[in-house]
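Shown next, in structure tokens, is the structure this report addresses.
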Amino acid sequence: MMQTENLVMHIPNRPKLDALNWQIEAGQSWGVLGPNGAGKTTLLLTLAGLKAPRSGRVLLANQAITGYTMPQRAQKLGLVFQQQQDDFPATVLATALMGRHPYLRSWQTESQADLELAQHALAQMELTELESRSIQTLSGGERQRLALAVLLTQNPDLLLLDEPTNHLDLHHQMAVLEILHQQVQAGKSAVMALHDLNLAARFCSHILLLYPDGQACWGEKNTMLQLPALEKLYRQRLITTQIAGQTLFFPYSSIG
């Protein structure tokens, strides 16, 4: 699906960064973990071809990401940012239909099939009743779910998500991650920057750790989610417990 060759991200004032020789395969869900400023967002932007690396390259379907036109790239991968910026008014449905733009020729209008795909995505995100609303009237959580509906309407093979649960309540966090899990089970791939260790443990098959000193390591979930590595990553003591067969992580505090 995607691979990096000696990829070193461009992060100002961070001269020492490990090179990434990393491969993302169909059916894998990668959680990118690290403290604030470790480079999670920069990595996603670099993978999407929106930020040039310091060195190395990104290959999408065995071709350099820079070799694709923007529409070609958008047919293969989609990116959801952690914050949405809406400079122009539009309805919820019109915004969802933007996911079909990479497949349209200049001045071509959306087909009935495009409309049905967008409406299905809105239904998955529980936004059907808001179709005619202006996006500028939405709450932060509703706007985040709409961004995810645009991604589902776009229907790329590789999903890049920067804190996809940002602004979401508990119900919608679980609902969104379960939908993304279904997408991966159907043969797509996902790379998600996350802050919640327990969500990463529940929904990701593989983990990439980005340390603030520039080190990086990656592998299958069970080998990566180990206390010594995570405590070093976050500079925080952690404790674990087992509930219903799942390992849960909690920050330790002597208070209370």
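Counting only other residues whose beta carbon sits under 14 Å from that of Asp169, what net charge do I get with K and R as +1, D and E as -1? Kindly include the intermediate steps, with their values, before the conclusion.
On the way: positive: Arg143, Arg145; negative: Glu126, Glu142, Asp196.
The answer is -1.
Please identify the longest segment of the chain free of exposed trypsin sites (Lys or Arg not before Pro), where exposed means a DSSP state other than H, G, I, E or B and no more than 10 other Cβ atoms within 10 Å.
Values: sites that count: Lys16, Arg105, Arg235.
That gives 106-234 as the longest site-free run.
Just add up the charged neighbours of Pro53: K/R +1, D/E -1, any other residue whose Cβ is under 14 Å from the Cβ of Pro53. If you can, show how the numbers build up before the last one.
Details: positive: Arg14, Lys51, Arg54, Arg57; negative: Glu5, Asp18.
Here the charged neighbours net out to +2.
Given the options Phe88, Tyr252, Pro12, identify the residue whose Cα lies farthest towards the positive end of the charge dipole of the chain (+1 on Cβ of Lys, Arg; -1 on Cβ of Asp, Glu).
About the Cα centre, the residue reaching furthest to the positive side is Pro12.
For segment 194-215 and segment 228-256, what is the separation of their Cα centres, given in Å?
Going from one Cα centre to the other spans 13 Å.
Enumerate the aspartates and glutamates that Lys51 could reach by cross-link, defined here as Cα to Cα under 16 Å, with residues fewer than 8 away along the same chain left out.
Glu5, Asp162
Determine the sum of side-chain charges near Leu43: Lys and Arg each +1, Asp and Glu each -1, restricted to other residues whose C-beta is under 15 angstrom from that of Leu43. Display every interim value, and only then the final one.
Details: positive: Arg14, Lys40, Lys51, Arg54, Arg57; negative: Glu5, Asp18, Asp162, Glu163.
Charge balance in the 15 Å sphere: +1.
Taking the Cα centre of segment 112-152 as the origin and placing charges on Cβ (Lys, Arg +1; Asp, Glu -1), which of Gln112, Leu138, Thr128 is farthest toward the positive end of the dipole?
It is Leu138.
Counting Lys and Arg as +1 and Asp and Glu as -1, each charge on the Cβ, what is the dipole of the chain about the Cα centre in debye, to the nearest 20? Walk me through the numbers before you get to the answer.
On the way: 19 positive and 21 negative charges, 170 e Å.
Dipole about the Cα centre, nearest 20: 820 debye.
Fewest to most neighbouring Cβ within 10 Å: what's the order for Thr66, Thr91? Display every interim value, and only then the final one.
Working: Thr66 11, Thr91 14.
Least crowded to most crowded, the residues run Thr66, Thr91.
Ignoring everything except DSSP H segments at least 4 long, calculate the 222 nm mean residue ellipticity for the chain; use -39,500 (n - 2.57) per segment, divide by total residues, nearest 500.
Values: 9 runs with 84 residues, N = 256.
Rounded to the nearest 500, it is -9500 deg cm²/dmol.
Say a site is exposed when it is one of the chymotrypsin sites (Phe, Trp or Tyr not before Pro), sits in a DSSP loop, and has at most 14 other Cβ atoms within 10 Å; what is then the longest site-free stretch of the chain?
Counting at most 14 other Cβ atoms within 10 Å as exposed, the longest clean stretch of the chain is 108-251.
Which of the listed residues, Thr165, Leu47, Leu197, is farthest toward the dipole's positive end in segment 2-251, when Lys, Arg count +1 and Asp, Glu count -1 at the beta-carbon?
Leu47
Under DSSP H, which helices of the chain have Cα atoms covering 27 Å or more of the helix axis and a Kyte-Doolittle average no less than -0.5? Please list the in-between numbers first.
On the way: long enough: none.
Flagged H segments: there are none.
Stick to Cα atoms and the Kirkwood definition of Rh, then tell me Rg/Rh for segment 2-251. Intermediate values should be presented prior to the final figure.
Values: Rg = 18.4 Å, Rh = 18.9 Å.
Result for segment 2-251 is an Rg/Rh of 0.97.
Coordinate-derived values only; no laboratory data. Bear in mind that the values here come from a model prediction, so they are computed numbers and not experimental data. All Cβ positions, glycine included, derive from the backbone under ideal geometry; neighbour counts span all protein chains shown.
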